[in-house]
Amino acid sequence: QVQVVESGGGSVQPGGSLRLSCTQSGRIFGFYILGWYRQAPGQQRELVASIASGGSTNYADSVKGRFTISTDNAKNTMYLQMNSLKPEDTAVYYCNKVSSSIWPWGQGTQVTVSS
């Protein structure tokens, strides 16, 4: 079964940038949609960005124009470039499939945006 490891989080000031990475333990075949999710304290986990195996992307309205999702299939890695960060982006970020049959959740990576 595929395992995922998220990294790249940290503490930044509003307006700053971070790049998150998600490395999968195995190669993914066939059609798939991968996504970045986030969960803020006291809130439900939400999908913020997704990318299909064909390359098409979708973003939540709250991050559109600021976040960019991409993959490097040779490295089994997915990225989330986050620019113009806002305090409301503070959350633990996770990666997984966008599917009814998801992988086990990783430990996530904490992103804190504060002045």
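The values are calculated or read from the model by the stated rules, or taken from the named source; none is laboratory data. In this text the structure is predicted, and so the values were computed from the model without any measurement. Don't worry about glycine lacking a Cβ; one is built from the backbone with ideal geometry, like all the others, and counts go over all protein chains shown. With ligands, DNA and RNA removed, areas are computed over all heavy atoms of the protein, side chains included. Shrake-Rupley method; radii C 1.70, N 1.55, O 1.52, S 1.80 Å.
Let's see how each residue does on (1) open to solvent by less than 30 Å² (accessible area, probe 1.4 Å); (2) in contact (Cβ under 8 Å) with a residue 24 or more places away in the chain; (3) within 16 Å of V63 (Cβ to Cβ); (4) in contact with a Ser or Thr (Cβ under 8 Å, 6 or more places away or on another chain):
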site	(1), (2), (3), (4)
G10	yes, yes, no, yes
S21	yes, yes, no, yes
G30	no, no, no, yes
L47	no, yes, yes, no
S50	yes, yes, yes, yes
Can you name the residue in the range 7-55 that is basic (K, R) and modelled with pLDDT of 95 or more and is also farthest from K75 (Cα to Cα) among such residues?
R45
Take V5 and tell me if it is closer than 19 Å to W105 by Cβ, part of a strand (DSSP E or B) and over 10 Å from the mean Cα position of the chain (by Cα).
yes
Within the range 98-114, identify whether any single residue is assigned to a strand (DSSP E or B) and among the aliphatic types (A, V, I, L, M), and answer yes or no.
yes
Yes/no for S25 being touching a Phe, Trp or Tyr at 6+ places or on another chain (Cβ under 7 Å) and either under 13 Å from V4 (Cβ atoms) or surrounded by 14 or more Cβ atoms within 10 Å (Cβ to Cβ) (or both)
no
Restricting attention to the range 78-115, report how many residues are over 11 Å from the mean Cα position of the chain (by Cα) and within 21 Å of G54 (Cα to Cα).
6
State whether the residues of the range 79-86 include one that is under 25 Å from S11 (Cα atoms), assigned to a strand (DSSP E or B) and in contact with a helix residue (DSSP H, G or I) (Cβ under 9 Å, 6 or more places away or on another chain).
yes
